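Worksheet: the structure to be examined is printed underneath.
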Amino acid sequence: MIDLDQVRAEALDSIAGAANLEGLEQLRVALLGKKGSVTALMKSLGEMSPDERRTTGQQLNAVKEAVAQALDARKTALDASALDERLARERVDVTLSVRPEMQGRIHPISQTIDEVVAIFGQMGFAVAEGPDIEDDFHNFTALNFPPEHPARLMHDTFFLPEKEDGSRFLLRTHTSPVQVRTMLKQPPPIRVIIPGRTYRCDSDMTHTPMFHQVEGLVIDKATNMGHLKGCLIEFVKTYFEVDDVPVRFRPSFFPFTEPSAEVDIGCSRAGGELKIGAGADWLEILGCGMVHPNVLKNCGIDPDEYQGFAFGMGIERIAMLKYGIPDLRTFFDSDLRWLRHYGFLPLDVPTLTGGLTR
Ligand code: DAH
């Protein structure tokens, strides 16, 4: 006759001694599995007399129950310690500083666009975009370029092959066509800024066939030249991070604005080093003006009710001036050493509160 108390004591002992979940599972199979020792004892009940079977059966059931409970309890305990161990192993110290070996850099053009958008965004401008491939209407006609006007030629336009109707698509020569698209799409008041790629068939020290511009457009009932000046002076000071930079508005001509002006900022070139701020020299940085009534009309806006201003500037140019980048063409060389030198850390997103550049 088997000593069931001993069977139970030994089983509970080995369960208590199981060091890990795999060991415990092996024990479960060895005790309660199909060929397990407790299962074998249960099977032996069949060969007993009815009386013996009743008493031994009850005792065996109790043993089986106790073993099952002990297995469960041990499993819960081992699960918990496995989790503790894993949590300790995978712990992350969130107070550690960011790894210093960050390699990627933000290109100065992206950085400059982000800065310009941050500044005008603060003034309440929304960002608008348009296609790089344009048609004559949006790039020229709607902007009040008469058909044979020499200003069209000055734009050195890239044309796409002629279509069946004789017209040709073109690569936009400036971001101004997005002014037209915005006015055709949304009723005034309008306050948008439009960064994007532009193209001209020109390539030398100071020109690349693809470059970037940012355009601004404000249309409302009483918007005037004073608003234009205030807005741009504020922009220049914030962008160049120089409080007392002199700003000069010089009369100029663009078909789509009347009156038109070019904006110069003060600088000094003493000792061969260019410095933005009060000095003996001036640097041209952008074009602007009051939107021409013809342009408003072409875009379905009544010039007797609405007026506004627009401006446009070259991103590369203002980036070169601010960051002392001497050669325009290097922007597009994809030279990683250049990018490491002139690029910006990805997490230093420019904001007016946190600082444009750090
Ligand atoms: N589109 C002009 C250019 O590419 C720049 C410009 C000048 C834009 C005056 C304007 C503006 O919106 O008002 O030369």
Filtering segment 274-311 down to residues that are open to solvent by 20 Å² or more (accessible area, probe 1.4 Å) and in a strand (DSSP E or B) yields Lys275, Ile276, Asp281, Trp282, Glu284, Met290, Gln307
Residues located in segment 83-99, provided they are modelled with pLDDT under 90 and farther than 17 Å from Val349 by Cα = Val92, Asp93, Val94, Thr95, Leu96, Ser97, Arg99
Please work out if Glu115 is charged (D, E, K, R), open to solvent by less than 30 Å² (accessible area, probe 1.4 Å) and away from the ligand (no atom under 16 Å from the Cβ).
-> yes
Looking only at segment 241-256, which residues are among the aromatic types (Phe, Trp, Tyr) and either open to solvent by 50 Å² or more (accessible area, probe 1.4 Å) or within 14 Å of Leu286 (Cα to Cα) (or both)?
-> Phe249, Phe253, Phe254
Give Phe159, Phe169, Phe145 a once-over and let me know the one that is among the hydrophobic types (A, V, I, L, M, F, W, C), surrounded by 14 or more Cβ atoms within 10 Å (Cβ to Cβ) and in contact with a Lys or Arg (Cβ under 6 Å, 6 or more places away or on another chain).
-> Phe145
Within segment 216-230, can you find the residues that are of a type outside the set (Lys, Arg), open to solvent by 50 Å² or more (accessible area, probe 1.4 Å) and not in a helix (DSSP H, G or I)?
-> Asp220, Ala222, Asn224
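So which of Ile190, Ile233 ends up being of a type in the set (Val, Ile, Thr), open to solvent by 30 Å² or more (accessible area, probe 1.4 Å) and within 19 Å of Gly289 (Cα to Cα)?
Ile233
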Can you name the residue in segment 284-318 that is of a type in the set (D, E, K, R) and touching a strand residue (DSSP E or B) at 6+ places or on another chain (Cβ under 8 Å) and is also farthest from the ligand (Cβ to nearest atom) among such residues?
-> Glu316
Kindly indicate which of Gln69, Gln26 is farther than 16 Å from Arg8 by Cα and under 58 Å from the mean Cα position of the chain (by Cα).
-> Gln26
Could you pull out the residue among Ser44, Ser49, Ser14 that is modelled with pLDDT of 90 or more, among the hydroxyl-bearing types (Ser, Thr, Tyr) and assigned by TED's automatic domain parsing to the domain that holds Glu85?
-> Ser14
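Can you tell me how many residues in segment 259-283 are within 11 Å of the ligand (Cβ to nearest atom), under 37 Å from the mean Cα position of the chain (by Cα) and not aliphatic (A, V, I, L, M)? First the steps, then the outcome.
So the first thing to find is which residues in segment 259-283 are within 11 Å of the ligand (Cβ to nearest atom), and the list is 259-263.
Imposing the further condition that a residue be under 37 Å from the mean Cα position of the chain (by Cα) reduces the set to 260-263.
Now restrict to residues that are not aliphatic (A, V, I, L, M): 260, 262.
Residues meeting the conditions: 2.
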In this structure, does Gly124 turn out to be without any contact (Cβ under 8 Å) to a residue 40 or more places away in the chain and more than 14 Å from the ligand (Cβ to nearest atom)?
-> no
Filtering segment 59-105 down to residues that are under 30 Å from Arg329 (Cα atoms) and open to solvent by less than 50 Å² (accessible area, probe 1.4 Å) yields Gly104
Since Leu347 meets every condition but one in (1) in contact with a Lys or Arg (Cβ under 7 Å, 6 or more places away or on another chain); (2) over 17 Å from Ile119 (Cα atoms); (3) not assigned by TED's automatic domain parsing to the domain that holds Leu274, which condition does it not meet?
-> (1)
Could you grab the pairs with beta carbons closer than 7 Å, sequence gap of 6+ or different chains, first residue in segment 131-149 and aromatic (Phe, Trp, Tyr), second one part of a helix (DSSP H, G or I) and open to solvent by less than 50 Å² (accessible area, probe 1.4 Å)?
-> Phe140/Arg152; Phe145/Ala151; Phe145/Arg152
Checked segment 196-207 for anything modelled with pLDDT of 95 or more and away from the ligand (no atom under 12 Å from the Cβ); matches are Arg197
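The values are calculated or read from the model by the stated rules, or taken from the named source; none is laboratory data. For clarity, every value in this text was computed on a predicted model and none was experimentally measured. FYI the Cβ positions are ideal-geometry reconstructions off the backbone, even for glycines, and counts take in every protein chain you see. Heavy atoms of the whole protein, side chains included, go into the accessibility calculation; ligands, DNA and RNA do not. Shrake-Rupley method; radii C 1.70, N 1.55, O 1.52, S 1.80 Å.
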